[in-house]
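The values are calculated or read from the model by the stated rules, or taken from the named source; none is laboratory data. Computed from a predicted model, the values in this text were never measured in an experiment. Here the Cβ positions follow ideal geometry from the backbone for every residue, glycine too, while neighbour counts run over all protein chains shown. Ligands, DNA and RNA are stripped out before the accessible areas are found, and what is left, the full protein with its side chains, is counted by its heavy atoms. Shrake-Rupley method; radii C 1.70, N 1.55, O 1.52, S 1.80 Å.
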Amino acid sequence: MTLMVDYCAKCGSIFQKNMRNLCSSCSNQLDLALKNCMDYLWRFPKATTEALSEATQVPLAELHDLIKQGKLSNGYKNLTYPCECCLQPIAQGRLCSGCSTSFKDAFQATPKAQSTVVHGAPSLNSTGQKVLFTSKTRSSRR
């Protein structure tokens with residue numbers, strides 16, 4: 001029988017593995033922070049993320065993680081976290097609508113190069129397209 005242990009993602013202490021991947025101390029702190037946030041939001045449902053952080057003494061980064069994970073209800077429209085590209089406040093997803101649109105446009109504007117799958121380092125063929133060699137391709141070239 002092996003003992004399943006890991007390092008706590010928050011404090012680095014060793015703990016017996018569980019579903020949260022946190023030691024019991026950090027898990028209890030997270031539960032308390034979540035309870036304080038929910039109590040504050042119950043009293044002030046239009047609170048912003050910054051106001052919630054100040055009132056509950058929960059760091060903004062931790063609040064952003066809780067919002068992303070869905071632990072704070074989507075019913076609170078003023079709770080936001082930053083877009084991963086431009087850091088503009090958003091309420092859901094990873095990118096704001098502007099960044100999402102620009103990524104889609106950039107993807108559609110690039111020509112679809114047909115590169116072959118290769119095992120090893122990529123190289124360029126005569127047309128400038130990347131070509132990766134698989135063992136099947138490599139053996140036929142010899």
Identify the single condition in (1) more than 23 Å from the chain's Cα centre (by Cα); (2) assigned to a loop (DSSP other than H, G, I, E, B) that ASP39 does not satisfy, given that it satisfies every other one.
(2)
For the range 85-104, which positions are under 15 Å from GLN69 (Cα atoms) and either open to solvent by 100 Å² or more (accessible area, probe 1.4 Å) or in contact (Cβ under 8 Å) with a residue 40 or more places away in the chain (or both)?
GLN92, ARG94
Residues of the range 1-12 satisfying the condition of being assigned to a loop (DSSP other than H, G, I, E, B) and surrounded by 13 or more Cβ atoms within 10 Å (Cβ to Cβ)
CYS8, LYS10
Give just the number: which of (1) over 18 Å from GLN69 (Cβ atoms); (2) within 23 Å of the chain's Cα centre (by Cα); (3) assigned to a loop (DSSP other than H, G, I, E, B) does MET19 not satisfy?
(1)
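Among the residues of the range 67-81, count how many are open to solvent by less than 90 Å² (accessible area, probe 1.4 Å) and either assigned to a loop (DSSP other than H, G, I, E, B) or over 11 Å from THR49 (Cα atoms) (or both).
Looking only at the range 67-81, we keep the residues that are open to solvent by less than 90 Å² (accessible area, probe 1.4 Å), and these are 67, 70-73, 75-76, 78-81.
If we keep only those that are either assigned to a loop (DSSP other than H, G, I, E, B) or over 11 Å from THR49 (Cα atoms) (or both) too, we end up with 70-73, 75-76, 78-80.
The number of residues fulfilling the criteria is 9.
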When restricted to GLN114, GLN108, the only residue farther than 26 Å from ASP31 by Cβ, open to solvent by 50 Å² or more (accessible area, probe 1.4 Å) and at pLDDT 80 or above is GLN108
Does LYS46 fit the bill of being free of Cβ contacts under 8 Å to residues at least 60 places away in the same chain and under 20 Å from PRO89 (Cα atoms)?
yes
Which is out of contact with any Asp or Glu (no Cβ under 9 Å at 6 or more places or on another chain), surrounded by 12 or more Cβ atoms within 10 Å (Cβ to Cβ) and closer than 29 Å to ASN78 by Cβ, of GLN57, GLN29?
GLN29
For the list (1) modelled with pLDDT of 95 or more; (2) open to solvent by 100 Å² or more (accessible area, probe 1.4 Å), I need the number of the one condition that GLN16 fails.
(1)
